[in-house]
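The structure appears right after this line, and notes come after that.
Read-outs throughout are calculated quantities, based only on the coordinates presented, and are distinct from any laboratory measurement. Predicted, not measured: the structure shown is a model, and the values here were computed from it. Here Cβ is always computed from backbone atoms with ideal geometry, including for glycine, and neighbour counts include all displayed protein chains.
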Amino acid sequence: MSEESTEQVQESVAVVEPGQETDPVATLTADLQRLQAEYANYRKRVERDRAVAFESAVGSVLTELLALLDDVDRAEQHGELTGGFKAVADQLNSITSRIGLEKYGTEGEAFDPQIHEALMHDESADVAVSTATKILQPGYKYKERILRPARVAVTDPAGA
């Protein structure tokens, strides 16, 4: 043992109340276990923070691509996706899906204010619950994080 560690052991032994027997090995073992636990917690916290930062960065990039994906969808709906542009659009959709971007929002599903943004409102006797009857702009999520809510027209039950 070095001279410094011997002094530390003697200091830790001196702190113990008189009349109590101490084992320097047990004291050092307890200190080591505490330090190992602190380090393990620190490492887990850093790994968790790193994962959150990565997901946030990917989410930010995907959010910037949403306008482009909307333009590609509109071009497809109007039959303007042909030739090489169709191949590029398919590749873009494939890459974003592989990364984890999910498109959601279908006509006829129950309106949920957590994932939908109501832009229009109507009443009808044909529905029993508030329903997203028209998808004006699809919603996107990445790993359960809503990047953009689905913008919908909502139909409520008549007389509700």
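Under a point spin-label approximation (7 Å from Cα along Cα-to-Cβ), what is the GLU107-ALA128 distance to one decimal in nm?
2.2 nm
For segment 67-160, what is the convex hull (Cα atoms) projected area averaged across all directions, in square nanometres?
Answer in nm², one decimal: 6.8.
Contour minus end-to-end for LEU92 and LEU119, with contour as 0.36 nm per residue of separation and end-to-end as the Cα-Cα distance?
Net length gain for the segment: 6.9 nm.
Using a Förster distance of 41 angstrom, determine the FRET efficiency expected from the C-beta separation of ASP49 and GLU80, and round it to 0.05.
0.40
Can you list the residues, at least 5 places off or on another chain, whose amide H is less than 5 Å from the amide H of ILE115, using H built in the peptide plane?
Residues meeting the criterion, in which the H sits 1.01 Å from N, do not exist here.
How far apart, in nm, are two points set 7 Å out from the Cα along the Cα-to-Cβ line at LYS143 and at VAL58?
According to this spin-label approximation, the distance is 0.5 nm.
Would you pull out the residues with amide H under 5 Å of LEU147's amide H, same chain only if 5 or more places away, H placed 1.01 Å from N?
TYR140, LYS141, TYR142
If you scale each eigenvalue of the Cα gyration tensor by 5 and take the root, what three semi-axes come out for the chain, rounded to whole angstrom and sorted largest first?
62, 25, 9
Roughly how many whole Å is it from the C-alpha centroid of segment 23-83 to that of segment 117-149?
If we compute the Cα centre of each part, the gap is 29 Å.
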